[in-house]
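Read through the structure below, which is laid out as structure tokens, and then see the notes.
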Amino acid sequence: MPDSQPWQPDDHAADAAGATGGPETAAPAGLVLCGARLTDGRVVDVRLGGGRIEAVGTTGSLAAPGPRLDLRGYLLLPAPAEPHAHSDTALTADDAGPGVPGPASHRPEDIRRRATEAALLQLGHGATALRSHVRIGDVQGLAPLEAVLQASRSLRGLADLTPVAVPRLLTGVAGAGNLAMLRDAVKMGAGAVGGCPDLDPDPAGYAEAVLEVAAEQGCPVDLHTDSDDPARLGRLAAMAGGLRTGVSLGPCAGLSRLPPQAAARAADQLAAAGVTVVCLPQGGCCGVEGRGTAPVRLLRAAGVRVAAGSGALRDLANPVGRGDPLEAAYLLASQHGLPPAEAYEAVSSAARTAMGLPGVRVEAGFPAELLAVRGEQLPGVLSLACSRVVVHRGRVVARTSAVREYCDSETVAALGLPHQGRTDPGSCGGP
């Protein structure tokens, strides 16, 4: 990662939160986030302990013997999550080199390295939990899944990475072996089962097989589908309605190409079945032909839970994918007309719900999964989110600092532009 580097603890008290032990180190007792602004305009102190939010109070009201972190000038938000990543193929555009298309390396050590680096990049953006679709079967078998599971274990304490087992075929003679492998994948530790029914000769049979395995193993379903066939989508919704562990579909860009009445009917069916749609505002995962975004406003109006993910991260399908959940929220607001609060909800609470994770609010008792972004209001943060502080399980796990400088001139001085840094950090250690 040429633009990133490991964070070395320094003399700031807040840095002591992660100064001892490895990734498994427990969160420090009494870490206080000082002077953070909330989306309702309040400026508060937030005390963390045991991986949860212990208290939220007015500035200066929370005493604690432990470390303190100055978040004056930052907006404090529930941390986003990434519900649709592709860790096994992430960053493969970089490996291929400029103008050199070719298959990505499937060596387990390369997959493990890419998955780890991709997760750290997305953690730096604020995503403390990630769900990644991982291809199984073919000549690689379960090796890619094991590589991503190894990456997940190495990231423990920094971010939660959960793989989705994705076989290519599941029906007929060709799919029989993959069906057995899918069951083995769950036993190995895959957190969900999925795949792309659109690529199977029998899409309905594929979906039925995945749902059957999920019901047997008690795990959620996350299917990768364009959803451009309303009849097929209706059958899938009918089958998914009885699965208690939850069903997600994405990116569902094909819904936006259906006639309005057909799309509205499909949205009603998804809502009735309790299916979550994970859209990808930054672009699809299957090349240019798969670009586009699900009709977010139509789905939400029908009562469908809509989460937003990043999809491809600098792979051959999207060599400029950023994997930034705040960019996904920005695009939902700027391109799809969602209010900023609803756009951010799609990458935070809705994404976490789709992944089966507990909700997060900046209130006492909730998990200490937080993102502080320099800025005062959510619209400004979504449009220019440069400096960020990421908290996972009550511990500061990532920081990004941006400094904007202008040449010394009377014009710049007269504008009174806000400074990006502060020479006096006050009573709390500055970020």
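The values are calculated or read from the model by the stated rules, or taken from the named source; none is laboratory data. Just so it is clear, the model here is predicted, and its values are computed rather than measured. Every residue, glycine as well, gets a Cβ built from its backbone with ideal geometry; the counts of neighbours run over all protein chains shown. Keep in mind that these areas ignore ligands, DNA and RNA; they rest on the heavy atoms of the full protein, side chains included. Shrake-Rupley method; radii C 1.70, N 1.55, O 1.52, S 1.80 Å.
The table that follows gives values for the structure above.
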| item | result |
| --- | --- |
| Residue-normalised accessible area of segment 221-269, given per residue in Å² at a 1.4 Å probe | 43 |
| Antiparallel bridges, percent of DSSP beta bridges restricted to the chain (to nearest 5) | 45 |
| Sequence ranges 83-89, 122-128, 41-47, 238-244, ranked by mean other-Cβ count within 10 angstrom, highest first | 83-89, 122-128, 41-47, 238-244 |
| 1.4 Å probe accessible area per residue over segment 271-372, in Å² | 36 |
| Bridge type composition, segment 194-320 - antiparallel percent by DSSP, nearest 5 | 0 |
| Estimated distance in nm for a label pair at Ser383 and Ala231, the labels positioned 7 Å out from Cα along Cα-to-Cβ | 4.8 |
| Relative contact order (percent, whole number), the chain, Cα cutoff 8 Å, 6+ residue spacing | 20 |
| Beta bridges per DSSP with both ends in segment 41-194, % antiparallel, nearest 5 | 35 |
| Euclidean distance of C-alpha centroids, segment 171-229 and segment 348-392, integer Å | 32 |
| √(5λ) per eigenvalue of the Cα gyration tensor, segment 300-406, largest first, Å | 21, 20, 16 |
| Rel. contact order, % - alpha carbon contacts under 8 angstrom, at least six apart, segment 184-267 | 29 |
| Environment charge at Thr171 (Cβ cut-off 15 Å; Lys +1, Arg +1, Asp -1, Glu -1) | -2 |
| 14 Å beta-carbon shell around Glu327, net charge (K/R +1, D/E -1) | +1 |
| For segment 67-190, convex hull of alpha carbons as volume per residue, Å³ | 141 |
| Per residue value of the accessible surface for segment 169-209 (all protein chains in place, 1.4 Å probe), Å² | 40 |
| Rounded percent of accessible protein surface that carbon and sulfur make up, segment 127-214, 1.4 Å probe | 55 |
| Ellipsoid semi-axes in whole angstrom, largest first, where each is sqrt(5λ) of the Cα gyration tensor of segment 209-349 | 23, 17, 15 |
| Average Cα contact separation per residue, segment 212-307, under 8 Å, 6 or more apart, as relative contact order % | 28 |
| Size-normalised alpha-carbon gyration radius of segment 137-236, reference 2.2 N^0.38 Å | 1.10 |
| Under 9 Å, Cβ to Cβ, from Leu75 - net charge with Lys/Arg +1 and Asp/Glu -1 | +1 |
